[in-house]
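Report on one structure; see the data block that follows.
The values are calculated or read from the model by the stated rules, or taken from the named source; none is laboratory data. Predicted, not measured: the structure shown is a model, and the values here were computed from it. Cβ sites come from the backbone with ideal geometry, for glycine too, and all protein chains shown count toward neighbours. Each accessible area value is taken on the protein alone, full model and side chains, heavy atoms only, with ligands, DNA and RNA left out. Shrake-Rupley method; radii C 1.70, N 1.55, O 1.52, S 1.80 Å.
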Amino acid sequence: MGPEGPKAVTTEELFAPGKKVVAFALPGAFTPTCSAKHVPGFVAEAAALKAKGIDTIACISVNDAFVMGAWADSQGIGKDEIVMLGDGNGDLTRQLGLSMD
C-alpha cells in the first residue's frame, strides 16, 4: 500500500541488484498461526536482520493490499519494519507453483 493507495511492486524492484531482501510468504492474513507466531517472529527479529545488512523484510500473502495494510496495523508493524505485500490475484503464488485449490 502506497501513500495514495495500492501500488504495484515488481520482483525486479523488490529484488533489485545490490539489495539484500528477506522475503517470506504466508497462507493468509489474520490466520491464527500466522498472526500469533509467524509475523511476530519476524517483527521481533527485524532490528537484528537490519543490523546484519538486510535492506528489506517483505511479507507476501494471497490477500489484497487493503487487507495486508489492516493486518500490518493490527500487528503494530511500522512501514520501515516489514513491507506487507499482497498477492491478491495469486499471480506470484501460481508462478512459484505454490497455489492450491
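Using just its DSSP H runs of length 4 or more, each adding -39500 (n - 2.57), the chain gives a mean residue ellipticity at 222 nm of -9000 deg cm²/dmol after division by all residues.
If contacts are Cα pairs under 8 angstrom and at least 6 residues apart, what is the relative contact order of the chain in percent? Taking the mean separation of contacting Cα pairs over the length of the chain, I get 29 percent.
Report the percentage of all Cα-Cα pairs in region 14-81 whose separation exceeds 15 Å, rounded to a whole percent. Result: 52 percent of Cα pairs exceed 15 Å. For Lys37, the accessible area of its heavy atoms, probed at 1.4 Å with every protein chain present, is near 140 square angstrom. Each of Leu49, Val22, Ser74 was scored by the projection of its Cα onto the charge dipole of region 1-90, and the greatest displacement toward the positive side belongs to Leu49; charges sit on the C-beta of Lys, Arg, Asp and Glu. Taken about its Cα centre, the chain carries a charge dipole of about 320 debye when Lys and Arg each add +1 at the Cβ and Asp and Glu each add -1 at the Cβ.
How much of the accessible area of the chain, in percent, comes from carbon and sulfur atoms when a 1.4 Å probe is used?
Accessible surface attributable to carbon and sulfur in the chain totals 58 percent.
With both partners inside the chain, how many of the DSSP beta bridges are antiparallel, as a percent to the nearest 5? Here the antiparallel bridges make up roughly 10 percent for the chain. With every protein chain in place and a 1.4 angstrom probe, the accessible-area ranking of Asp80, Asp55, largest first, reads Asp80, Asp55.
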